[in-house]
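Take a look at the structure set out below.
The values are calculated or read from the model by the stated rules, or taken from the named source; none is laboratory data. From a predicted model like this one, the values you see are computed outputs, not experimental measurements. When we count neighbours, we look across all protein chains shown, and the Cβ atoms used for this are built from the backbone with ideal geometry, even at glycine.
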Amino acid sequence: MSERRYLLRTFGCQMNEHDSERIAGLLTSDGYVATEEAAEASVVVFNTCAIRENADNRLYGNLGHLRPLKQANPRMRIVVAGCLAQKDGERIQEKAPWVDVVVGTHALPGLLDLLHRAETEGPQMDISEVTEVFPSALPALREVRHHAWVSIAVGCDNACTFCIVPLVRGPQLSRPIGDVLAEVQGLAGGGVVEVTLLGQNVNTYGRDLTMPDSPRRPLFADLLRAVNEVDGLRRIRFTSPHPHDFTPDVIDAMASSDKVCEHIHFPLQSGSDRVLKAMQRSYRRERYLGWLDAIRQSIPDIAVSTDIIVGFPGETEDDFVDTLDVVARARFDQAYTFQYSQRPGTRAATMDDQVSKEVVQERFDRLVALQQAISLERMRQQVGTIVEVLVEGTGRKGRAQGRTRTNRVVHLDGDHAPGDFVQVRIAGAHPHHLDGKPVREPAAVA
Ligand code: SAM
Ligand code: SF4
């Protein structure tokens, strides 16, 4: 019998990349082998994202392209997984009846069952809303050996008015601390040196947990300290946190845990108090900047990245100037900038005063230009320092590429394999990466 092959396309955030490792793991455990060619695939999986616009158009475009292949090969199975599957399940089946399986974010563990049932019973869908098995507990097929995503919680209890996440991922459900630790220990034992702890709002980890033998719940700070003790591990990262939940105990745990990297993602969303209120974000600009100062005092040289949305409904030029002002004061190392996208089902989607595309684009360009200059300035401050780089692979132009503990991308000279730690002197700076040359001296923490 010829090999059964699968093609897997992943859209969206790290949570989806994590889930895709599990999809690949499940299919591999069932005897499938990966391919990049749709024409030779017996299973094609789209792991979708619903956070921003065009995800749906892109999905239906992709499904349309597959239709003739499916007609030519009726045994091909097409799977739509992820947030869009969770949100639009029946709509996907109506618009693309040649899809065999629609599997939501909570139902991933049943993927193989659904595929097998589709063989005899026709199209299947499971978009149930209860997580019974954490995707992290499923077999994983990782692209790299040295790094792993570890899910610590799914869902989110906040209700930011622009965000579809609570709708598609449900309320927060934290994974028992023992399960997380067992997974990290197993990973470290198998050669993983860096883990990224994943959740929609990682720093509220544990608030929904009860511990049978303990008077108090494990919280994110406890988790960081516990993961820090795992032998063999060298770097701990986490994403995505909420600024409001960077409580002093989390900052203390970061500062005192040597494996926790000196980088935080600190999503601002807007610098206007009026817009923050309409977004239902719990902080205001001065409070946000105060928290940032406190973190920088506790962990000097920490690098900070952020998310910013431009053109939230009702955003005026004055509001936008407030955002530029916070960006100028905060001096972020990197910013992920998004044009506001109307997400049906969210509160903001029905708000008056949606901002026109042209205005959003013009503001977006100004924000990107400002942040680009700040990113370059921050990168230039690194020139001449010696840093530890964990090699991730080969970048464009064939040079080795890796990251510092501060999450800065470094292109470096010489032959290095993924997973190598290399001491590097920074020789050049660009807005989104550094250039470096390997040295023998021990690195300072940077
Ligand atoms: N939990 C994180 C937080 O509280 O900031 C955010 C996670 S969200 C999955 C990732 C980012 O997508 C958000 O920080 C936001 O900037 C962006 N985003 C979410 N919904 C959006 C929308 N409707 N339009 C544009 N950007 C959006
Ligand atoms: Fe979405 Fe993050 Fe707000 Fe939760 S905290 S609703 S994931 S933006």
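Taken over region 398-428, the criterion of being in a loop (DSSP other than H, G, I, E, B) and at negative phi is satisfied by 399, 404, 405, 406, 408, 413, 415, 416, 417, 418, 420. Do we find that residue 33 is of a type in the set (Val, Ile, Thr), at pLDDT 95 or above and surrounded by 19 or more Cβ atoms within 10 Å (Cβ to Cβ) in this structure? Criteria not met by residue 33.
Filtering region 155-187 down to residues that are within 16 Å of ligand 2 (Cβ to nearest atom) and without any contact (Cβ under 8 Å) to a residue 60 or more places away in the chain, which residue is farthest from residue 279 (Cα to Cα)?
Step by step, filter region 155-187, then rank; the result is 174.
In contact with a Gly (Cβ under 6 Å, 6 or more places away or on another chain), among the polar types (S, T, N, Q), buried (at least 19 other Cβ atoms within 10 Å of the Cβ) and over 18 Å from residue 26 (Cβ atoms): does that describe residue 172?
Numbers: in contact with a Gly (Cβ under 6 Å, 6 or more places away or on another chain): yes; among the polar types (S, T, N, Q): yes; buried (at least 19 other Cβ atoms within 10 Å of the Cβ): yes; over 18 Å from residue 26 (Cβ atoms): yes.
Criteria met by residue 172.
Note on region 103-129: among residues that are within 23 Å of residue 172 (Cα to Cα) and touching a Gly at 6+ places or on another chain (Cβ under 8 Å), the one that is modelled with the lowest pLDDT is 129.
Taking the criterion of being within 15 Å of ligand 1 (Cβ to nearest atom), assigned to a strand (DSSP E or B) and in contact with a His (Cβ under 9 Å, 6 or more places away or on another chain), the residues of region 149-193 that qualify are 149, 151, 154. Screening residue 347 on (1) surrounded by 15 or more Cβ atoms within 10 Å (Cβ to Cβ); (2) over 19 Å from residue 272 (Cα atoms); (3) among the basic types (Lys, Arg) shows it passes everything except condition (2). Could you tell me whether any residue of region 335-354 is closer than 11 Å to residue 308 by Cβ, part of a helix (DSSP H, G or I) and within 15 Å of ligand 1 (Cβ to nearest atom)? No, the conditions are met nowhere in region 335-354.
The criterion of being touching a helix residue (DSSP H, G or I) at 6+ places or on another chain (Cβ under 6 Å) and surrounded by 17 or more Cβ atoms within 10 Å (Cβ to Cβ) does not hold for residue 131. Considering region 270-308, and only residues there that are hydrophobic (A, V, I, L, M, F, W, C) and farther than 17 Å from residue 331 by Cα, the residue that is nearest to ligand 1 (Cβ to nearest atom) turns out to be 279. Exactly one residue among 191, 271, 199 is surrounded by 22 or more Cβ atoms within 10 Å (Cβ to Cβ) and in contact with a Lys or Arg (Cβ under 7 Å, 6 or more places away or on another chain), and that residue is 271. Give the residue that is surrounded by the most Cβ atoms within 10 Å (Cβ to Cβ), with candidates limited to residues of region 398-412 that are touching an Asp or Glu at 6+ places or on another chain (Cβ under 8 Å) and of a type in the set (A, V, I, L, M, F, W, C). Among them, the one singled out is 410. One residue stands out in region 293-334 among those that are of a type in the set (A, V, I, L, M) and part of a strand (DSSP E or B): the one that is farthest from the chain's Cα centre (by Cα), namely 310.
If you scan region 326-345, which residues turn out to be polar (S, T, N, Q) and at pLDDT below 95? If you could, list the steps in order and put the result at the bottom.
So the first thing to find is which residues in region 326-345 are polar (S, T, N, Q), and the list is 334, 337, 339, 341-342.
Within region 326-345, 341, 342 meet the criteria.
Is it the case that region 94-106 has a residue that's crowded, with 17+ Cβ neighbours inside 10 Å, within 16 Å of ligand 1 (Cβ to nearest atom) and within 30 Å of residue 280 (Cα to Cα)? The answer is yes, given that some residue of region 94-106 is crowded, with 17+ Cβ neighbours inside 10 Å, within 16 Å of ligand 1 (Cβ to nearest atom) and within 30 Å of residue 280 (Cα to Cα). The condition of being surrounded by fewer than 20 Cβ atoms within 10 Å (Cβ to Cβ), among the acidic types (Asp, Glu) and near ligand 1 (Cβ under 10 Å from one of its atoms) holds for only one of 245, 252, that being 245. Quick one: what pairs do we get from region 16-33, first residue farther than 19 Å from residue 148 by Cα, second assigned to a helix (DSSP H, G or I), C-beta under 7 Å, 6+ apart or different chains? The qualifying pairs are 30/112.
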